[in-house]
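Visitor: So that we are looking at the same thing, I have put the structure below in structure tokens.
The values are calculated or read from the model by the stated rules, or taken from the named source; none is laboratory data. Please read all numbers here as calculations on a predicted model, not as lab measurements. Virtual Cβ from ideal backbone geometry, glycine too; neighbours counted across all protein chains shown.
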Amino acid sequence: MTDLDPLRRHLRRFGRVLLGYSGGVDSALLAVVGRQALGPDRFLAVVARSASYPEAQWRGAVELARRYDVPLLEVETGELADPRYLANPTNRCYFCKTELWSRLHDVALARGFDSVIDGTNADDVGEHRPGLQAAAEHRVCSPLVELGWTKARVRLASRTLGLPTWDAPAAPCLSSRVMYGLTITPRRLRQVEDGEAFLRELGVTGDLRVRHHGARARIEVAPEQVAMLRAKWTGVAERFEALGFDAVELDPAGYRRGGLLALAPRSPA
């Protein structure tokens, strides 16, 4: 069991709070605990809609907010109109988060909120996360970091509350599946989304990535999922061909975070 009172007390220090909400493990916990601690008049979860945000994740985020009576606002974001984002450099997330936090900052000002917060946890701080710079520039607070809460503690707290997200796999945006330097397009994002949805329908559970390498797709799953997927490979190959890929491969190394970063072109010294 995890004591949630420190998080509730901490959130009350922020006044009226607006949360950048994705429906993932971290922001889902903050949404529910924030609603409990602050009430519906002093707390608002804001979810951003764009082609880079998976439809299934949006549905889950909306359903969780409804189930726990979390005030929710949807806003459209325009990162796909930014040529810097579309160019897909290794700091792509900076441009996305700059767009997001600019929109949410405007909402906070218009509606009289004192603070904007996000779901960054203590484990995230040492990783390759260019979006954290954008958050800092827009004075976004990270309560989980401030309390030193790791992903494991967030999951335990979520389980204590009975949240359905407590054991959900990590779910970054669809653009994170596209090889760095390969232009982000709505079609490529749809290929990734449809490919992952198909694999879920086949029975793939846990961590899953369809990495977009242009004409080729590369699938990463947890080691225990490999045998099942190989047994169904003919259907997988046919489906990915129908999605527009010339070839599809099963990554023998399995799922790993930041798999595309190691393949990114290096800037000259």
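Visitor: For the range 1-55, give me each residue that is acidic (Asp, Glu) and over 20 Å from the mean Cα position of the chain (by Cα).
Guide: At the first step, the residues of the range 1-55 found to be acidic (Asp, Glu) are 3, 5, 26, 41, 55.
3, 5, 41 - these are the residues of the range 1-55 that are acidic (Asp, Glu) and over 20 Å from the mean Cα position of the chain (by Cα).
Visitor: Out of all the residues in the range 94-118, which are more than 19 Å from residue 50 (Cα to Cα) and among the small types (Gly, Ala, Ser)?
Guide: Filtering the range 94-118 down to residues more than 19 Å from residue 50 (Cα to Cα) leaves 108-117.
Matches in the range 94-118: 108, 110, 112, 115.
Visitor: Determine, yes or no, whether residue 166 is outside the structural domain of residue 17 (by TED's automatic domain parsing) and hydrophobic (A, V, I, L, M, F, W, C). Show your work before the answer.
Guide: Numbers: outside the structural domain of residue 17 (by TED's automatic domain parsing): yes; hydrophobic (A, V, I, L, M, F, W, C): yes.
Criteria met by residue 166.
Visitor: Tell me the residue from 137, 74, 79 that is buried (at least 20 other Cβ atoms within 10 Å of the Cβ), without any contact (Cβ under 8 Å) to a residue 40 or more places away in the chain and of a type in the set (Asp, Glu), please. Give the derivation first.
Guide: Values: 137 fails: buried (at least 20 other Cβ atoms within 10 Å of the Cβ); 74 fails: buried (at least 20 other Cβ atoms within 10 Å of the Cβ).
None of the others qualify; the one that does is 79.
Visitor: Identify the single condition in (1) under 21 Å from residue 129 (Cα atoms); (2) at pLDDT below 95 that residue 209 does not satisfy, given that it satisfies every other one.
Guide: Here residue 209 meets the rest and fails (2).
Visitor: Moving to a separate point now. Of all residues in the range 38-89, how many are part of a loop (DSSP other than H, G, I, E, B), touching a Gly at 6+ places or on another chain (Cβ under 9 Å) and closer than 21 Å to residue 133 by Cβ?
Guide: 4
Visitor: Restrict the check to the range 250-258 and report whether at least one residue is assigned to a loop (DSSP other than H, G, I, E, B), in contact with a helix residue (DSSP H, G or I) (Cβ under 7 Å, 6 or more places away or on another chain) and surrounded by 15 or more Cβ atoms within 10 Å (Cβ to Cβ). Walk me through how you get there before you give the answer.
Guide: As a first pass, look at the range 250-258 and keep what is assigned to a loop (DSSP other than H, G, I, E, B): 251-258.
Of the ones still in play, those that are also in contact with a helix residue (DSSP H, G or I) (Cβ under 7 Å, 6 or more places away or on another chain) are 254.
From what's left, surrounded by 15 or more Cβ atoms within 10 Å (Cβ to Cβ): 254.
Scanning the range 250-258 turns up at least one residue that is assigned to a loop (DSSP other than H, G, I, E, B), in contact with a helix residue (DSSP H, G or I) (Cβ under 7 Å, 6 or more places away or on another chain) and surrounded by 15 or more Cβ atoms within 10 Å (Cβ to Cβ).
Visitor: Among the residues of the range 131-138, is there at least one that is touching an Asp or Glu at 6+ places or on another chain (Cβ under 6 Å) and in a loop (DSSP other than H, G, I, E, B)?
Guide: Looking for residues that are touching an Asp or Glu at 6+ places or on another chain (Cβ under 6 Å) and in a loop (DSSP other than H, G, I, E, B), one finds none in the range 131-138, hence no.
Visitor: Being in contact (Cβ under 8 Å) with a residue 24 or more places away in the chain, of a type in the set (A, V, I, L, M, F, W, C), in a helix (DSSP H, G or I) and closer than 25 Å to residue 115 by Cβ, is that true of even one residue in the range 158-179?
Guide: yes
Visitor: Scan the range 33-44 and tell me whether some residue there is closer than 22 Å to residue 170 by Cβ and not polar (S, T, N, Q). Steps first, please.
Guide: Filtering the range 33-44 for residues closer than 22 Å to residue 170 by Cβ gives 33-34.
Now restrict to residues that are not polar (S, T, N, Q): 33-34.
Yes, that holds for at least one residue.
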